Amino acid sequence: MMNINLFEDIGGQAAVDAAVDIFYRIVLSDESIASFFDNTVDIDHDAQFVHQKSHLTR
């Protein structure tokens, strides 16, 4: 039986890091949805990025 590791197949931690960084950069700069983040002005975006990356790689 073949051991398939999807996480490594998609590029591992480096791919998840890049995907999260790109996702947040696009979402936070999109004027059509920017108003959804009006109440999160004080959010520590670096901490949010780390949290999301951790959540996706558990």
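Observations
- Tally, over the range 29-48, of residues that are open to solvent by less than 70 Å² (accessible area, probe 1.4 Å), at pLDDT 80 or above and not aliphatic (A, V, I, L, M): 1
- Residue pairs meeting the criteria (Cβ under 6 Å; at least 6 apart or on separate chains; first in a loop (DSSP other than H, G, I, E, B), in the range 12-36; second open to solvent by 80 Å² or more (accessible area, probe 1.4 Å)): none
The values are calculated or read from the model by the stated rules, or taken from the named source; none is laboratory data. All figures in this text were calculated on a predicted structure; none of them were measured in a lab. Glycine also receives a Cβ, built like all others from the backbone with ideal geometry; neighbour counts cover every protein chain displayed. Each accessible area value is taken on the protein alone, full model and side chains, heavy atoms only, with ligands, DNA and RNA left out. Shrake-Rupley method; radii C 1.70, N 1.55, O 1.52, S 1.80 Å.
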